[in-house]
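Student: Here it is, the structure in full.
The values are calculated or read from the model by the stated rules, or taken from the named source; none is laboratory data. As the structure is a prediction and not an experimental result, all values here were calculated from the model. Cβ sites come from the backbone with ideal geometry, for glycine too, and all protein chains shown count toward neighbours.
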Amino acid sequence: MNDTAAKRSSAPRSKAYSQDSNEGLPSLFGRLGDELTTLVDLRLNLLKVEIREDLDAYVRRAVTIAIGGIVVAVGFALANVAFSFFMSTLFANTHLSQSAKYGLGFMVTGLVYLVAGGIIIVVTKRRLASQQLLPERSLAEFENDKQLVKSVIQG
């Protein structure tokens with residue numbers, strides 16, 4: 001490049017620089033505020049898109065889990081009926097009617113589930129009673145932040 005071309009290419013840059021340097025401080029702060037607003041808007045729009053995509057994925061997975069839950073519930077019900085009929089065969093050598101044998105089979109199955117469910121409830125209740133429900137670490141951090149802010153304000 002020759003000297004004339006170098007002077008022409010640098011002239012617009014220096015002119016722009018001198019315009020920026022002649023710009024007042026309020027104008028610079030105004031532009032900074034506008035650019036920050038644009039940046040925040042872009043970030044919020046990106047966040048909205050990401051949240052929407054994540055929510056759609058969670059909804060699809062929740063529907064799939066619900067369908068799986070229905071299939072499991074049907075299988076569980078059929079297994080319980082089969083277990084009840086199996087229990088009724090234990091009463092085959094008794095002098096009861098067939099319907100009474102089935103009734104006893106279903107009653108034994110029901111009692112087994114009542115006992116198992118009761119044990120699960122008691123154990124879970126004891127665990128919950130011993131568990132602290134307050135987020136102690138987070139509360140301690142908030143208290144530390146509160147003390148820090150007070151100390152900065154006071155001096």
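Student: Of all residues in the stretch 76-94, count the ones that are farther than 18 Å from Val112 by Cβ and either in a helix (DSSP H, G or I) or modelled with pLDDT of 90 or more (or both). Spell out the reasoning first.
Tutor: We begin by selecting, within the stretch 76-94, every residue farther than 18 Å from Val112 by Cβ; these are 92-94.
Cutting the leftovers down to either in a helix (DSSP H, G or I) or modelled with pLDDT of 90 or more (or both) gives us none.
The qualifying residues number 0.
Student: Quick one: is Ser97 loosely packed, with under 14 Cβ neighbours inside 10 Å, of a type outside the set (Asp, Glu) and modelled with pLDDT of 90 or more? Working first, answer last.
Tutor: Values: loosely packed, with under 14 Cβ neighbours inside 10 Å: yes; of a type outside the set (Asp, Glu): yes; modelled with pLDDT of 90 or more: yes.
When the stated conditions are applied, Ser97 passes them.
Student: Test Ile153 against the stated conditions and say whether it is over 29 Å from the mean Cα position of the chain (by Cα), surrounded by fewer than 10 Cβ atoms within 10 Å (Cβ to Cβ) and part of a helix (DSSP H, G or I).
Tutor: yes
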